[in-house]
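Following: one structure in structure tokens, then a few remarks.
The values are calculated or read from the model by the stated rules, or taken from the named source; none is laboratory data. It should be emphasised that the depicted structure is a prediction, and the values quoted were computed from it without experimental measurement. Reconstructed Cβ throughout: ideal geometry from the backbone, glycine too, with neighbour counts over all protein chains shown. Surface accessibility is based on the protein's heavy atoms, side chains included, excluding ligands, DNA and RNA. Shrake-Rupley method; radii C 1.70, N 1.55, O 1.52, S 1.80 Å.
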Amino acid sequence: MPASHTQINLKDVEDVAPGNGFGDRWEARVARTALGAQQTGLTYFRLKAGKRSPFTHRHEHAEEVYVVLSGSGKVKLGEQVAEVRPRDAIRVAPEVSRAFEAGPEGLELLAFGAHQPGDGQPVDDPWTA
């Protein structure tokens, strides 16, 4: 039976970006396993100044929410691009492709939603190529 709660610091979660060849663009700390979460996914991202997400993706079933913690930048949702700033919360329906771009001071955000194994799908998008 899982513990009744878990507390971690996201800086203590392994940054998986370098091992996946994306360390030049962002930091990515996938916290679901460290939290012992069974049904919820949580990832901390820190995009480096002026960089874009290394890929665009969408989901088959999982809705996601992104919360901007600090910095500024843009989010591309489908074909629309919008400015983002601290405390913006962006809900994205599963079928909508998404990617981020950091402003001059970088962009720090959280992504969370229902964990659906194997649900993410890459999208061919020149915006992140």
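What FRET efficiency would be calculated for the residue pair residue 83, residue 48, taking the C-beta separation as r and a Förster radius of 22 Å, to the nearest 0.05?
0.75
At 1.4 Å probe size, with no ligands or nucleic acids counted, give the accessible surface of residue 108 in Å², nearest ten.
Looks like 50 Å² after rounding.
If you work out semi-axes √(5λ) of the Cα gyration tensor in Å from the coordinates, which of (i) 23, 17, 14; (ii) 30, 13, 13; (iii) 26, 20, 12 do you get?
(i)
Out of residues 5 or more away from residue 103 or on other chains, whose amide H comes under 5 Å of its own, with H placed 1.01 Å from N in the peptide plane?
50, 72, 73, 74
Suppose a student asked you for the relative contact order of the chain, using Cα pairs under 8 Å spaced at least 6 residues apart; what percent would you report?
Answer for the chain is 29 percent.
Quick one: pull the percent of accessible area on the chain belonging to carbon and sulfur, 1.4 Å probe, ligands and nucleic acids left out.
50 percent
Let me have the 222 nm mean residue ellipticity of the chain computed from DSSP H runs of 4+ only, each contributing -39500 (n - 2.57), with the sum over all residues rounded to the nearest 500.
Calculated from helices alone, the mean residue ellipticity at 222 nm is -500 deg cm²/dmol.
Along the range 52-61, what does the Karplus equation 6.51 cos²θ - 1.76 cosθ + 1.60 (θ = phi - 60°) give for ³J(HN,Hα), rounded to whole Hz, x for Gly and Pro?
10, 3, x, 7, 9, 8, 8, 10, 7, 10
Rounded to whole Hz and in sequence order, give me ³J(HN,Hα) for the range 101-110 from the Karplus expression 6.51 cos²θ - 1.76 cosθ + 1.60, θ = phi - 60°, writing x for Gly and Pro.
Karplus values, whole Hz, x for Gly and Pro: 9, 8, x, x, 9, x, 8, 10, 8, 10.
Hey, if we sort 16, 68, 81 by accessible area with the 1.4 Å probe, largest down, what's the order?
Of 16, 68, 81, the descending order of accessible area is 81, 16, 68.
Distance from the Cα centre of the range 86-129 to that of the range 3-38, in angstrom?
About 16 Å separates the Cα centre of the range 86-129 from the one of the range 3-38.
Please compute the per residue accessible area over the chain with all protein chains in place, 1.4 Å probe, rounded to a whole number of Å².
Counting only protein heavy atoms, the per-residue value for the chain is 59 Å².
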